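Peer 1: Mind having a look at this structure? Questions to follow.
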């Protein structure tokens, strides 16, 4: 429906729309490339301060996924006049605290009146043109590391229905509000080949984009994928967001899934994430170094979840 829209091209546009990457990258000069991204959404938790933190962490993640450093951010706000202005203040305070944690500057923004609250950021960052990480540069022989557990979409569904015990709610919020700053900085220190962050298309959807963009095949080992506590159990009871089924339709026949994997686990792998982790493709020897660093510095569960191969019949293979 939108294929008629104009396509913009430039020798300076290092990463654009072609591979559905996390952000755009524009080369300013031989030393600096600009990273630009934008993301916002409706509340997923009741606490306005934590909603602001999660939305900001989600938007900042795109810059880390490209190997960059966030510099400035602008608020994007839609807010109804029926809610107290103090609620908006708490949302903005949460976002500001997360931008500050990232070491970036919050420099303004734009707001409109709307029937449902929405919040996010437009973020600008920088990276050296020769060090840009895209989702289309994975290499055969690489292994894949995932830096956060999956399943928060399922837990968010449970939170909305008030079906989740407080300890699991708190952990879901903590994971979503955790910046990918440490994960991104350490992967750049070690030297990754490719990266994407796991958000709305779920682990399978974003791994599929990496495989197709890189013209390789990817094998995911489902038994080692870190999963949020409570996600599998609630998936078994059918508490799965509609987005997971849309992600299945999107992936279609491009994905092969071993029939021994339970439907609940497949739902978790398709589960749309909010402020998910980084999926990093890098050489095995570098992966060992990175795993050692993550063991010391990363505050979220992580795992080596798969490998990259030469292109085969399917772009993505999900193994038991």
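Peer 1: Give me log10 I(q)/I(0) at q = 0.15 Å⁻¹ for region 1-64, Debye formula, one equal scatterer per alpha-carbon, no solvent.
Peer 2: -0.64
Peer 1: For the chain, what's the relative contact order in percent, using C-alpha pairs closer than 8 Å and at least 6 residues apart?
Peer 2: This gives 24 percent for the chain.
Peer 1: What list of whole percents do you get for P(r) of region 143-319, with Cα-Cα distances grouped in 10 Å bins up to the one holding the largest distance?
Peer 2: Result returned by the calculation: 10, 40, 35, 13, 1.
Peer 1: How far is it, in nm, from the label point at residue 3 to the one at residue 161 when both lie 7 Å from their Cα along the line to the Cβ?
Peer 2: 3.9
Peer 1: A follow-up question, please. So between residue 72 and residue 18, what do we pick up on full extension, going 0.36 nm a residue minus the alpha carbon distance?
Peer 2: Working: separation 54, 0.36 × 54 = 19.44 nm, distance 2.55 nm.
Taking 0.36 nm per residue and subtracting the Cα distance, the gain is 16.9 nm.
Peer 1: So what is the 222 nm mean residue ellipticity for the chain from helices alone, if each DSSP H run of at least 4 adds -39500 (n - 2.57) and you divide by all residues, rounding to the nearest 500 deg cm²/dmol?
Peer 2: -11500 deg cm²/dmol
Peer 1: Something else now. Please sort 303-309, 259-265, 36-42 by packing, taking for each peptide the average over its residues of neighbouring beta carbons within 10 angstrom, highest first.
Peer 2: Taking the mean over residues of other Cβ atoms within 10 Å, the ranking is 303-309, 36-42, 259-265.
Peer 1: Evaluate the relative contact order of region 13-131 (contact order divided by residue number), counting alpha-carbon pairs under 8 angstrom at least 6 apart; express in whole percent.
Peer 2: Relative contact order of region 13-131: 37 percent.
Peer 1: Could you sort 158-167, 276-285, 200-209 so that the peptide with the highest average Cβ count within 10 Å comes first and the rest follow in order?
Peer 2: Values: 158-167: 13.3, 276-285: 23.2, 200-209: 25.2.
Top of the packing list down: 200-209, 276-285, 158-167.
Peer 1: Now for a different question. So if I take the centroid of the Cα atoms in region 156-195 and the same for region 225-268, what is the distance between those two points in Å?
Peer 2: Comparing the Cα centres of region 156-195 and region 225-268, I get a distance of 18 Å.
Peer 1: So, one more: For residue 233 and residue 130, what is the calculated FRET efficiency with R₀ set at 51 Å and r taken between the beta-carbons, to the nearest 0.05?
Peer 2: Efficiency, rounded to the nearest 0.05: 0.65.
Peer 1: Something else about it: So for region 143-319, averaging the separation of alpha carbon pairs under 8 Å that are six or more residues apart and normalising by length, what relative contact order in percent results?
Peer 2: Averaging sequence separation for qualifying contacts and normalising by length gives 48 percent for region 143-319.
Peer 1: Here is a further query. What is the calculated FRET efficiency for residue 105 to residue 295, with r their C-beta to C-beta distance and R₀ = 35 Å, to the nearest 0.05?
Peer 2: 0.65
Peer 1: Mind jotting down the distance between the C-alpha centroids of region 115-152 and region 11-27, whole Å?
Peer 2: Each part reduced to its Cα centre gives a spacing of 13 Å.
Peer 1: Translational diffusion coefficient of region 13-131 at 37 °C, 0.692 mPa s, Stokes-Einstein with Kirkwood Rh over Cα pairs, in µm²/s as a whole number.
Peer 2: Answer, rounded: 224 µm²/s.
Peer 1: Calculate, in nm to one decimal, what residue 260 and residue 224 gain on full extension: separation in residues at 0.36 nm each, minus their alpha carbon distance.
Peer 2: 11.5 nm
Peer 1: Rg to Rh ratio, the chain, alpha-carbon atoms and Kirkwood radius?
Peer 2: 0.95
FYI, it's all coordinate maths here, none of it is from the lab. Just so we're clear, the structure is a prediction, and the values are computed from it rather than from any experiment. Virtual Cβ from ideal backbone geometry, glycine too; neighbours counted across all protein chains shown.
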